[in-house]
Each structure stands twice: as structure tokens, then as C-alpha cells.
Amino acid sequence: MKKVSILAGIVVVLLAGLLLYKTSSQADAHTPAVAQNPAPQGWAYRNFSVDAVQYIDDKGKAVTRPVRLSDYVGQGKYVLVDFWASWCGPCRGEVPNLKAVYEKYAGDGFDMVSVAVWDRPADALKAIEAEGMTWHQIVCSEKTNQVPTQVYGIEGIPQIILISPEGRVVGENLRGAGIEKAVKKALGL
């Protein structure tokens, strides 16, 4: 009888673990869906460190250097952080909005950084050049390309957040005209 109850307990634990696993991994990493509250407004931003690809050498090897989000955030400016991938149509669709905001507001009080996630570095670098993305770029190595989204709980991209000079999230899930609206409001314009 004791063996049966122990076996039943093990089965219950295994079933509960399976249920938790299924519900936590339902989102396909290649499905661009809007994440649910990845960085709630008012929260301090979450730092991460990745091996960022600088370029692909002539032998096809990625040349990397360590980069942290704190290299850009918390430096006395509002920073718009764009999580994206080259294969993501909605991400590429936001580039004209991002470019317009950057060209209009970049300066003493505002900056931008895009973080290429869930992508092949060579593809992200080609897309950056093709799209004319002239602001800061973090192209995560294939080894570290899921770190930023895990840190922020992002389940879908594009995910665009605005962080204050003090490092607090002041805008999340920004898209389209909402990007410029959030930046203007933050800058008091």
C-alpha cells in the first residue's frame, strides 16, 4: 500500500511538471506576437550581458565582444529599446517609425538601441545595412540570442520599450505612431 501511494505521488508530480512545461512553452519563438507585460511601467530596467557580433569575418566566423544593456541605459537619457529579428515582418515594418523617431529626437536627452534576438547574426547584420538602421545595435551571438528575451520575459517580437534616464520603464509594447507619442511625452514636447 505504501509503494502504491508513493508511486501515485510521483505520477502527480510528473503530471504537474508536464503541465507547467506545456503552458510555459506554448509560444513559438518564431511567432511574432506581442508579449504580455515584459517590463511593466515604473519597474527598473533589467540588465543583461551578451556576446554581441561586431562583424562576420571572411571565413564566416562571428567576431564578438561582450555588451551590456547598461552600456546604453541609465546614462542620463531616455532610451528606446527595440527587440527584433531580421525574419520578423512586423519588426521590419516598425523600422520606418523607429528611423523617423531617431532622426527627429536623437541627441542630449534621447537615444535608441535595437537588440537582434532569435536570429542568425549574419542575417541581422544584412538587415541593419539594408534598412539603414544607423542607431546603436546589439546583434546577439547565436549562443546568447535568447538571453535578452528571457531576462525581459518577452514571448513575441517586435517588443519596443522606453526607459527613463533613471532606468525606469516608462513605455512598453510601443508600436506605430505610439512610439513617437511616448517619446514626445517623455521628453516633455
*Looking at region 144-176, which of the residues that are surrounded by fewer than 17 Cβ atoms within 10 Å (Cβ to Cβ) and of a type in the set (D, E, K, R) is farthest from GLY107 (Cα to Cα)?*
ARG175
*Mind checking which pairs have a first residue in region 127-144 that is at negative phi and a second that is of a type in the set (Ser, Thr, Tyr) and modelled with pLDDT of 90 or more, Cβ under 7 Å, 6 or more apart or different chains?*
ALA127/SER86; MET133/SER114; TRP135/TYR102; TRP135/SER114; GLN137/SER114
_Where SER164 falls short, out of the listed (1) more than 25 Å from THR64 (Cβ to Cβ); (2) touching a Leu at 6+ places or on another chain (Cβ under 8 Å); (3) among the hydroxyl-bearing types (Ser, Thr, Tyr)_ = (2)
*Out of curiosity, is SER114 surrounded by fewer than 22 Cβ atoms within 10 Å (Cβ to Cβ), in contact (Cβ under 8 Å) with a residue 24 or more places away in the chain, touching an Asp or Glu at 6+ places or on another chain (Cβ under 7 Å) and of a type in the set (S, T, N, Q)?*
no
_Looking at SER164, SER114 in this structure, which one is within 12 Å of the chain's Cα centre (by Cα), modelled with pLDDT of 85 or more and polar (S, T, N, Q)?_
SER114
*Looking at region 172-185, is at least one residue outside any helix (DSSP H, G or I) and within 25 Å of THR64 (Cα to Cα)?*
no
*Cβ-Cβ below 7 Å, separation at least six or inter-chain, first residue in region 147-159 and over 11 Å from TRP118 (Cβ atoms), second of a type in the set (D, E, K, R): which pairs?*
VAL151/ARG46; TYR152/ARG46; PRO158/ASP82; PRO158/GLU94
*Report the residue count in region 91-136 for those that are closer than 18 Å to ILE179 by Cα and not in a helix (DSSP H, G or I).*
13
_Just to be sure before I move on: is ASP82 under 14 Å from the mean Cα position of the chain (by Cα) and either modelled with pLDDT of 95 or more or not small (Gly, Ala, Ser) (or both) in the structure I sent?_
yes
_Criterion violated by ALA85 - all others in (1) surrounded by fewer than 18 Cβ atoms within 10 Å (Cβ to Cβ); (2) among the small types (Gly, Ala, Ser); (3) over 20 Å from VAL169 (Cβ atoms) satisfied_ = (1)
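The values are calculated or read from the model by the stated rules, or taken from the named source; none is laboratory data. Given the structure is predicted, the values throughout are model-derived calculations rather than measurements. We place every Cβ from the backbone using ideal geometry, glycine too, and count neighbours over all the protein chains shown.
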